[in-house]
Every structure is written in structure tokens, then in C-alpha cells.
Amino acid sequence: MQAITLLGSTGSIGTQTLDLVAQYPERFRVVGLTSYSNVTLLAEQVRRFRPQIVAIGREELLPELRSLLTGMRPLPELVAGTEGLCQVAAHPAAQRVVTGIVGCAGLLPTLAAIRAGKDIALANKETLVAGGPVVLPLVREYGVKLIPVDSEHSAIFQCLQGVPPGSLRRIWLTASGGAFRDWPVEKLNQATLADALKHPNWVMGRKITIDSATLMNKGLEVIEAHWLFGLDYDRIEVLIHPQSIVHSLIELADTSVLAQLGWPDMHLPILYGLSWPERLATPWDPLDLVKLGSLTFKAPDHRKYPCLQLAYAAGQAGGTLPAVLNAANEAAVALFLQERIRFLDIPRLLEQVCERHQVIPAPSLEDILEVDAWARQQVELLAQQAPAQVLA
Ligand code: NDP
Ligand code: MG
């Protein structure tokens, strides 16, 4: 029986993780749950999965959570705020922590989990993108495992099982191309929020769906892969694969290429993140290649997806630049989700904020948190002060 804690239980990753806990009650038990503001769903999950500790990110919602759980026996420990999230992440009863929080808000709870010796099933890529320089040394110091849940990284991790050290030449991250994969680049200035939210293959949270439309999601994944697999950026490639069946590939020293395939459904990489190194039997439909008929691949169009190159450049520069890019992206996507900026303003804002940043080469946690806040402010200022320029 694996005892798990689930950060971000009310989101897309969180609810799919709980589907699996419900499907394998003899294998997984929930110790802790967290959400940010969705107190109603959190309370339902608490009643159903009976964790020992629960955190709500927004402290002012703690009384409402308490009242929604009136009469529950035994009542779990209820905590709130960032400190509460960290308490849940570090709870002694759990062995593995699934990080399903969206954004750099996941960084402090993830660090708390690592310091408490938990293995991390990592979905929250922004944490590694921004915090890589502090997360990786701690992972080594505390001897914990980082098990990727992001489907591409899970695919690479799966392909790497049994590959001898030193024989990995490069990796290929596949990308669906997002909502605009079939749009000509000239039409992107007309892209609306509703258009950008229509992902062709995956149903996910709103932020990552927009990141898929800009291809920033793949850019973040390139940086995530750098930290997870210890590869230089010239050994991480991106391939557009519209069907999202080949989840990623690795190339070995002898030119052999290995890939992991499956339906575009996060349940599988989440399950592997929970069960690794074991494989659990599932009742799911097997992959049907005959029905699929053909799988296609092409190179990404950098004119259409400038965010991808911004991410490679930030990754290569290193230090605090990935944290700045990530925070600026979170802020710009939030503005786009509020329809305060247009789709093409996202890469423009990111470029401007990255240009203004003085990179700190070997940042501390404080440096990362500081530049994260700075980058968010810069996006807000640029969007407010020079809308004509930004929105040109
Ligand atoms: P969602 O937006 O669906 O869920 C996010 C979760 O995080 C919710 O539980 C939310 O709580 C919580 N949350 C939001 N803001 C904060 C905050 N400031 N502090 C603490 N908790 C917060 O996101 P997804 O599930 O789509 O994505 C989660 C992570 O997994 C992301 O990093 C994403 O890139 C990654 N990922 C997601 C995939 C997917 O299929 N969805 C695939 C691969 C990676 P509340 O509901 O209360 O707001
Ligand atoms: Mg992914």
C-alpha cells in the first residue's frame, strides 16, 4: 500500500490522480489533499478519500472548509496558506507526493516535501523550470526520487529504464501543436481566448492549454527535461506530432530510437508516477495502431511559435532567466485568460521582460522568489503603462 499526498487535488491532474486512487484502493491511500480556492470540491474529496491532513491555499476560506466538513469523524487536520500547503507536503505518513499545483506556487511545497524525504511524482513543471537550480541539489542531498508525470517526460523516463549510463545521445519531445496547429501564422493576430482554449487532443487546466497554443508548454518541457535527465539543450529536440500518440522518444549511442506510445490520456503517466517501478494492470482500451493508420511528424515552425525559442534561450542562459520567463508567462497567460491582452502579446511581453532582466548565474531560493515576483510586476506594468506599444 502506497501512502500518497496530492497537491492540487481539485485540478485536472489532481482529479485524475484521485480516479486512480479510487480504481486501485488496495494499492494507494491518500494522506493529504490541497486546493487553492475550490473549497466545495475539496470538501467532497475529503469526505470520500478521508485524508489525515488537508490544506486550502487561500487562508480566508478555512472557516468555510471547516463548516463544509462539520460532522465528519474523524475530522482531518485542517491547515491553510503556503505554510499549510508545506505542512501537507511534508506530512510524515506519506511516501510519495504528487505535485499537481499549477505554476511556481508549487515550488515551496515541493521543497518541503523533498526536505521531508518524500519521492516526488512531478506534474508541476513550473517548479522545476523556475526552481531547478535549488530543487536538484536538494533532491540529491535528501536522496529522493523525481518521477516525471508530464506525459513526454514519463515517456522518456519509461524508455530509459534499462538503458546503460552514458548511452543516451538525445531526446525528442513530441508536441501536438496546440489549438493553432492548423492555423496559418498570418491569422494568429485574430486568435481569441475561445480559440486558444480548444485543444485538439488533451483536456487539461486552462493555463497549460494556453501554453500548448503558444508552444510555451513545450518550451517549459525542454527546460524540465534538462533538469530531469541532465541533458544539455543541444541534445533536447522538439517534434510536432499532431496525433499525440508517440509521447516522446530517445536516441541511443548506436542510433537506436525508443519511443513510448499510448492514447492521449494522462491517467497512464499519472499511474506510472504512482506505481513506479511497478507496472499495474489496467482495464483500459489497448492502443490500436491499425485503427490509427498513420502517425505523422514535422519540425516546429519557429515563426509561428516564438515562445519555443525564448525557452531554449532562457534555458541556455540559465541562472534566474528560466524563472523570469516562467513567471512572466504565468502573468501574461493570466492576462490573456482575463482577455486583457491578445494572443500575440504573450510572446511580446515575455521577450520584453526577459530583455530587462539581469541574470543571476547561481541563484538561491530567495533570488528565485524575488525575480519571480519582479517578472510578474513587469508584465503588469507593461500591460498597464504601454498598452498601445504592447498591444500594437
Ligand atoms: P489545474 O488548473 O487544472 O489545477 C491546478 C491545481 O492547483 C488546482 O487544484 C488548484 O486549486 C491548485 N492551485 C492553483 N493555484 C494555486 C496556488 N496559487 N497555490 C496552491 N494551489 C494552487 O491545472 P492542471 O491540473 O492542468 O496542471 C497542474 C500542473 O500539472 C501544471 O504544472 C501543468 O503544467 C502540469 N501538467 C498538467 C497536465 C494536464 O493534463 N492537466 C499534463 C502535464 C502536466 P483550485 O482548484 O482551488 O484553484
Ligand atoms: Mg506534457
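The values are calculated or read from the model by the stated rules, or taken from the named source; none is laboratory data. Just so you know, these numbers come straight off a predicted model, no measurement behind them. As a convention, Cβ positions derive from the backbone with ideal geometry for all residues, glycine included, and neighbour counts pool all protein chains shown. Heavy atoms of the whole protein, side chains included, go into the accessibility calculation; ligands, DNA and RNA do not. Shrake-Rupley method; radii C 1.70, N 1.55, O 1.52, S 1.80 Å.
Set against the 2.2 N^0.38 Å expectation for a compact globular protein, the range 215-272 has a Cα radius of gyration ratio of 1.20. If you count Lys pairs in the chain whose Cα atoms are under 26 Å apart, skipping same-chain pairs closer than 8 places in sequence, the total is 23. An ellipsoid equivalent to the range 89-174, defined through the eigenvalues of its Cα gyration tensor, has semi-axes of 23, 15, 12 Å when rounded to whole angstrom and sorted largest first. The calculated FRET efficiency for T255 paired with A362, based on their beta-carbon distance and R0 = 30 Å, is about 0.25. Looking at the chain, do any whole DSSP H helices span at least 20 angstrom along their long axis by alpha carbon and average -1.0 or above on Kyte-Doolittle, and which? Helices meeting the span and hydropathy rule in the chain are 125-142, 321-337, 365-385. For the range 173-277, the share of accessible area belonging to carbon and sulfur comes to 55 percent (1.4 Å probe, ligands and nucleic acids excluded). Here is the size of the range 115-155 from its Cα atoms: Rg then Dmax, 10.1, 27 Å. What the chain shows is 42 Å² of accessible area per residue, with the surface traced by a 1.4 Å probe over protein heavy atoms. Annotation note: GluC sites (Glu not before Pro) in the range 13-117 located in DSSP loop regions with a Cβ neighbour count of at most 11 within 10 Å are E26. Under a 5 Å amide H cut-off, with hydrogens placed 1.01 Å from N, A121 pairs with V97, V98, T99, I147 among residues at least 5 apart or on other chains. Annotation for the range 252-335: chymotrypsin sites (Phe, Trp or Tyr not before Pro) lying in DSSP loop with at most 16 further Cβ atoms inside 10 Å of their Cβ are W284, F297. Across the chain, counting alpha-carbon atoms alone, Rg and Dmax equal 20.5, 63 Å. Only helices enter the 222 nm calculation for the chain: every DSSP H run of n ≥ 4 contributes -39,500 (n - 2.57), and dividing by all residues gives -14000 deg cm²/dmol, rounded to 500.
Annotation: amide H-H contacts under 5 Å for A175 (H modelled 1.01 Å from N, sequence separation of 5 or more, or interchain): L239, I240, H241. With all pairs of different C-alpha atoms in the average, the Kirkwood value for the hydrodynamic radius of the range 1-68 is 11.9 Å.
Within the full protein context, the accessible area of D301 is estimated at about 60 Å² for a probe radius of 1.4 Å.
Considering the range 213-311 at the alpha-carbon level, its Rg and Dmax are found to be 15.3, 43 Å. Considering only the Cα atoms of the range 147-272, their convex hull presents on average a projected area of 8.1 nm².
With the simple model of a label 7 Å out from the Cα in the direction of the Cβ, R279 to T70 spans 5.1 nm. From most to least packed by mean Cβ count within 10 Å, the peptides 193-204, 372-383, 8-19 give 8-19, 372-383, 193-204.
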